[in-house]
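The values are calculated or read from the model by the stated rules, or taken from the named source; none is laboratory data. Values in this document were obtained by computation on a predicted structure and should not be read as measured data. Using ideal geometry, Cβ is built from the backbone for each residue, glycine included, and neighbour counts are taken over all protein chains shown. Heavy atoms of the whole protein, side chains included, go into the accessibility calculation; ligands, DNA and RNA do not. Shrake-Rupley method; radii C 1.70, N 1.55, O 1.52, S 1.80 Å.
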Amino acid sequence: MNNKVTLTQFLIEQQRGLPDASGTFTLLLNNIVTACKQISHKVNRGNLIGVLGSAGTENVQGEVQKKLDIITNDIMINALNWTGHLAGMASEEDDDLITIPAQYPRGKYLALFDPLDGSSNIDINLAVGTIFSILRCREGVEPDIEDFLRKGAEQVCAGFVIYGPSTMMVLTTGHGVNAFTLDQDVGEFILTHPDMRIPEETSEFAINMSNQRFWEPPVQRYIDECLQGVQGVREKDFNMRWVASFVADVYRILTRGGVFLYPCDLRDPERPAKLRIMYEANPMAFIVEQAGGLCSTGREAILDIKPTGVHQRVPVILGSKKEVERIIRYHQEADAKGTETAKGMG
Ligand code: AFP
């Protein structure tokens, strides 16, 4: 490992640049790293250790849980609840906030996570991941829901681990985005992708086309124009990708650009979007924007939304800056037209 920067070394060097840092945050991240290494091992062993398949239960979102959803959630909680660095946690798999057991000290951070994103892909051996977000918390108190419901712009750190052909961790603390590859032989994450930048323009989009009939007009317009290729207003051909695993789709955008849309969906007014703001959209928005991209619902910046619930869902449009700006403009034009029509009728 000569001359190779490990994630631990990277974090400690970052910490040295902050004269007031106590080291707590570095230790917390190290605990998350340990949990993700354990998850990587379980995912990699798969059916050899009998962890694939359904658990026969549902989570708070009414989604059928996989065995690995429950196993990975337990790994995250057990790796973090005793450390003294956290005041509380929230997970996609837990309806309620997760409290720190009474015997352990309380820390000054909150951790929110999706322990196994894309878990419907696990049985077909496609990439899955862990997404996490760290917020600062009032000290010396038992955190309540308001301590958690903070704008994405207030995140101290966000990251995700992708369990693919390689296990990789992508991380931001608000000073750019770096990615680390797990060297399985020595058990260390090594800095392999320093200062990731998303190209501003793209000719690749990612969306679940089977939902097309439920999209709003601005999204219909954008995708129509992409599909028209060189013959249309964009005057170029587009390529489409959809892994149905947020970590894999975002990682692709970080490495070669593109745009990802899980837009507002008109089929069910009770559930106008799919992705969860606090442990999916916010951490990914922080990472994407730190890499020079943009993230929006189409009408507002994801990072500026004040959440109303830990499991709140939000439309997500993210990726190459100029493309996301174009989609935002299409929303503005459609909304302005709607207002004009409403005025005309009034
Ligand atoms: P699962 O974790 O239930 O597989 O959901 C994955 C996810 O939240 C996200 O990772 C994908 O981008 C998105 O859902 C895929 O949704 P569709 O299955 O509707 O395409």
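Is the range 219-237 home to any residue that is open to solvent by 60 Å² or more (accessible area, probe 1.4 Å), within 16 Å of the ligand (Cβ to nearest atom) and assigned to a loop (DSSP other than H, G, I, E, B)? Within the range 219-237, none of the residues are open to solvent by 60 Å² or more (accessible area, probe 1.4 Å), within 16 Å of the ligand (Cβ to nearest atom) and assigned to a loop (DSSP other than H, G, I, E, B). In the set (1) closer than 19 Å to residue 187 by Cβ; (2) within 14 Å of the ligand (Cβ to nearest atom); (3) surrounded by fewer than 18 Cβ atoms within 10 Å (Cβ to Cβ); (4) not aromatic (Phe, Trp, Tyr), the condition left unmet by residue 72 is number (3). The sole residue among 190, 162, 134, 198 that is surrounded by fewer than 19 Cβ atoms within 10 Å (Cβ to Cβ) and touching a residue at least 60 places away in the same chain (Cβ under 8 Å) is 190. Taken over the range 203-218, the residue count meeting the criterion of being away from the ligand (no atom under 12 Å from the Cβ) and in contact with a strand residue (DSSP E or B) (Cβ under 6 Å, 6 or more places away or on another chain) is 2. Within the range 196-250, the residues that satisfy the criterion of being among the hydroxyl-bearing types (Ser, Thr, Tyr) and over 23 Å from residue 165 (Cα atoms) are 202, 203, 210, 222. Each residue in the range 138-155 was checked for being surrounded by fewer than 20 Cβ atoms within 10 Å (Cβ to Cβ) and touching a Phe, Trp or Tyr at 6+ places or on another chain (Cβ under 6 Å), and 0 of them qualify. Filtered by the rule that a residue be open to solvent by 10 Å² or more (accessible area, probe 1.4 Å) and either under 15 Å from residue 115 (Cβ atoms) or assigned to a helix (DSSP H, G or I) (or both), the range 75-91 gives 75, 77, 78, 79, 81. Pairs are defined by a Cβ separation below 6 Å, a sequence spacing of at least 6 or placement on different chains, a first member in the range 236-264 that is at positive phi and modelled with pLDDT of 95 or more, and a second member that is more than 7 Å from the ligand (Cβ to nearest atom) and not polar (S, T, N, Q); the pairs so defined are 257/198; 257/199; 258/204; 258/319. Taking residues in the range 46-70 that are over 16 Å from residue 118 (Cα atoms), and partners anywhere that are of a type outside the set (A, V, I, L, M) and assigned to a strand (DSSP E or B), the pairs with Cβ atoms closer than 6 Å and at least 6 places apart or on different chains are 57/65.
Here is a check on your reading of the model: is residue 311 in contact with a Lys or Arg (Cβ under 7 Å, 6 or more places away or on another chain) and more than 16 Å from the ligand (Cβ to nearest atom)? No. Scanning the range 9-24 for residues that are touching a Ser or Thr at 6+ places or on another chain (Cβ under 8 Å) and open to solvent by 30 Å² or more (accessible area, probe 1.4 Å) turns up 12, 14, 15.
If residue 124 satisfies all but one of (1) surrounded by fewer than 16 Cβ atoms within 10 Å (Cβ to Cβ); (2) within 16 Å of the ligand (Cβ to nearest atom); (3) within 23 Å of residue 304 (Cα to Cα), what's the number of the condition it fails? Of the numbered conditions (1) surrounded by fewer than 16 Cβ atoms within 10 Å (Cβ to Cβ); (2) within 16 Å of the ligand (Cβ to nearest atom); (3) within 23 Å of residue 304 (Cα to Cα), the odd one out for residue 124 is (3).
Is it true that some residue in the range 317-325 is assigned by TED's automatic domain parsing to the domain that holds residue 222, crowded, with 18+ Cβ neighbours inside 10 Å and over 19 Å from the mean Cα position of the chain (by Cα)? Yes, the conditions are met somewhere in the range 317-325.
Restricting attention to the range 254-276, the residues that are within 26 Å of residue 146 (Cα to Cα) and within 12 Å of the ligand (Cβ to nearest atom) total 5. Any chance the range 41-62 includes a residue that's within 16 Å of the ligand (Cβ to nearest atom), among the acidic types (Asp, Glu), surrounded by 13 or more Cβ atoms within 10 Å (Cβ to Cβ) and not in a loop (DSSP other than H, G, I, E, B)? Scanning the range 41-62 turns up no residue that is within 16 Å of the ligand (Cβ to nearest atom), among the acidic types (Asp, Glu), surrounded by 13 or more Cβ atoms within 10 Å (Cβ to Cβ) and not in a loop (DSSP other than H, G, I, E, B).
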